[in-house]
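The values are calculated or read from the model by the stated rules, or taken from the named source; none is laboratory data. These figures come from a predicted structure and were not determined experimentally. Note: ideal-geometry Cβ built from the backbone for every residue, glycine included; neighbour counts use all protein chains shown.
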Amino acid sequence: MTKFHKVFVYGTLKTNEPNYHWLTEKENGHSRLVGNAKTAQKYPLVIASRYNIPYALDKEGVGENIKGEVYEVDDLMLSKLDILEDHPKYYKRKVKEVILEESGEKCEVWIYLLHTFKDSMLNLPFLVSYESKGDHGLPYVMRYLREKPGSEYWSDVKQE
Ligand code: PCA
């Protein structure tokens, strides 16, 4: 039997954002949009690193109730998302609660949070909702456009 999971995306995986194609690529498995939602708790959502990457920091109670989208995904898609987000070394996938916009219903979902981040990131502006081309003027730099491949830029945001 196929097992489904719910994932809340708040960054580049949202509809029409730079990594959205991962969720729609047939070879990555199944995904279905459940609806818009916001986190039940507050988190700091910031844009950081030399590549302008969005991060929800693992610091509950600080920041905003973040807006995003809930997807139903299968095992294969979840494993593909884990590869994209490099869970658990880079982002860490955790279970949190969100509130669905349409029904007001609460639901438990997976969310990719940045753990062990630099304290200075808490001085950045906290967003409610992410858009790569938003008026913050910090558009996301796609992987294939980056100077060097690899994860050397993690040192911009990760606390050793
Ligand atoms: N992708 C994941 C986490 C941050 C990002 O850019 C997401 O959209 O939820």
| Contacts under 7 angstrom Cβ, first residue in the range 2-18 being over 13 Å from Tyr55 (Cα atoms) and among the hydroxyl-bearing types (Ser, Thr, Tyr), partner away from the ligand (no atom under 12 Å from the Cβ) and outside any loop (DSSP other than H, G, I, E, B), 6 or more apart | Thr2/Asp74
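What number of residues within the range 139-160 satisfy the criterion of being assigned to a loop (DSSP other than H, G, I, E, B), modelled with pLDDT of 95 or more and surrounded by fewer than 16 Cβ atoms within 10 Å (Cβ to Cβ)?
Step one: of the range 139-160, the residues assigned to a loop (DSSP other than H, G, I, E, B) are 139-142, 146-151, 157, 159-160.
From what is left, the residues that are modelled with pLDDT of 95 or more are 139-141, 157.
From what's left, surrounded by fewer than 16 Cβ atoms within 10 Å (Cβ to Cβ): 139.
Total satisfying the criteria: 1.
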| query | Thr15 is checked against (1) away from the ligand (no atom under 12 Å from the Cβ); (2) modelled with pLDDT of 95 or more; (3) β-branched (Val, Ile, Thr) and fails just one. What number does that condition carry? | reply | (1)
| query | Given Val62, Val95, which one is in contact with a helix residue (DSSP H, G or I) (Cβ under 8 Å, 6 or more places away or on another chain), more than 13 Å from the ligand (Cβ to nearest atom) and farther than 24 Å from Gly150 by Cα? | reply | Val62
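One line per residue, one yes/no per condition, for (1) in a loop (DSSP other than H, G, I, E, B); (2) over 26 Å from Asp135 (Cβ atoms); (3) at pLDDT below 95; (4) of a type in the set (Asp, Glu):
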position	(1), (2), (3), (4)
Ile47	no, no, no, no
Ala56	no, no, no, no
Met77	no, yes, no, no
Lys80	no, yes, no, no
Ile83	no, yes, no, no
Ser103	yes, yes, no, no
| query | Can you name the condition, by its number, that Arg32 falls short on among (1) of a type in the set (D, E, K, R); (2) over 30 Å from Asn123 (Cβ atoms); (3) surrounded by 14 or more Cβ atoms within 10 Å (Cβ to Cβ)? | reply | (3)
